[in-house]
Amino acid sequence: MNPETAAALARVALANVRREYPRKLDHLLNGSTEELTPRLVHPAFYGSYDWHSAVHMHWLLARCLRLHPDLKEGEQIARVLDLHLSEKCIAAELRYFNSAAGRSFERPYGWAWLLELEAELARLARGWSVAPLASELARRFGRFVQVSPYPIRTGSHGNTAFACVLALDYARSEGKQELETQIKAAAVKWYGADRNAPLAYEPSLDDFLSPALVEALLMQEVLEPVKFRAWFAEFLPADVVSLPVPTPTDRTDPKQSHLDGLSLSRAWCLRRLGYADAAERHLAAALPHVVGGDYVGEHWLASFAALALSAAAPRTP
């Protein structure tokens, strides 16, 4: 992610995290007098159309600043993070999660992105933190994966493999050994016996994640290299290299915008799994539509572009 790209993505994030409307509400009403003004209910994460997008747009700001500390947008980023991630704002967010409406709010996708935000803020090491909320959601996440008998295999927000990849990064970067152990055990329980993933059935119109590839990425993270190679050979015998790139026909449609996200998240997975050429094909198809497009895509796609552009290489055996 070069400085020019980082600056462009940061500008998108700066606009989005401060944009209060339009706002998609996800709230369990417990009375007729509840106040649902986004900035009042979620003073840290009121922008970007919905809560989880606001969270990962803040992650994007932190990552851009960490990778390119001399960005001219750096002062704006710092002001936004100072304001939105204050102790007062994060305490209010935590109160919401501890309210009747917050028990399963944004589980597991928003939880995982909040944990990934905390991991990125710690790597940035500039004093910003969402630690009180992260600690609570980490506890809930560990309990969730422990007691869930089955995974969620959808290619959208509910996907447990994607959430576990992000939460595992938090667990490792923050030294949360218990959470790491819980995620590893759940991954093996849910996915260890999987064979012959139906890659040809992907995508559905709702997908912005590849259920098969993100599962493979999680298993790469939790299995020893020799065991992973054996598992992967049985799980994905199909030709991953020639996987067709998704082709949306109307990028103003919210569901079709997911397909650009799918290309970006596939690129992230493929890079980390060692398929650089296939990753580049997917990245090239979606990257031109990340900045300057319709708001249905622009409020979130930049985060997935950053995931792909800054993806780590696969583990060395």
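When all alpha-carbon pairs of the chain are counted, what percent fall beyond 23 Å? Write down the numbers at each step before the final one.
Working: 27788 of 50086 pairs.
Cα-Cα pairs in the chain separated by more than 23 Å: 55 percent.
Report the extension gain between residue 185 and residue 95 in nm, rounded to one decimal, defined as 0.36 nm multiplied by the number of residues separating them, less their alpha carbon distance.
Working: separation 90, 0.36 × 90 = 32.40 nm, distance 3.03 nm.
Roughly 29.4 nm would be gained on extension.
For n ≥ 4 DSSP H runs only, could you compute -39500 (n - 2.57) per run for the chain, divide by its residues and tell me the 222 nm figure to the nearest 500? Write out the running numbers ahead of the final one.
Values: 15 runs with 187 residues, N = 317.
So the helix-based figure for the chain works out to -18500 deg cm²/dmol.
Rounded to two decimals, what is the ratio between the C-alpha radius of gyration of the stretch 168-317 and 2.2 N^0.38 Å? Let's see the in-between values first.
Numbers: Rg = 15.8 Å, N = 150, 2.2 N^0.38 = 14.8 Å.
So the stretch 168-317 has a normalised radius of gyration of 1.07.
Using a cut-off of 13 Å between beta-carbons, work out the net charge of the residues near residue 72 (Lys and Arg +1, Asp and Glu -1, residue 72 not included).
Values: positive: 11; negative: 4, 70, 73, 75.
Residues close to residue 72 contribute a combined charge of -3.
Quick one: Kirkwood hydrodynamic radius for the stretch 216-270, alpha-carbon pairs, angstrom, one decimal? Each step should come with its number before you reach the end.
Values: mean 1/r = 0.0765 Å⁻¹.
13.1 Å is the Kirkwood radius here.
What does a probe at residue 284 reach in the stretch 218-253, counting residues whose amide N is under 19 Å from the point 7 Å along Cα→Cβ?
240-248
Rg and Dmax of the stretch 1-137, using alpha carbons, in Å: what are they?
14.7, 50
Could you tell me the extents of the stretch 94-195's C-alpha atoms along the three principal axes, largest first, rounded to whole Å?
Principal-axis extents of the stretch 94-195 (Cα, largest first): 45, 31, 24 Å.
Values in this text are rule-based calculations from the coordinates and carry no lab data. Just so it is clear, the model here is predicted, and its values are computed rather than measured. Note that each Cβ is placed from the backbone with ideal geometry, even for glycine, and that neighbours are counted across all protein chains shown.
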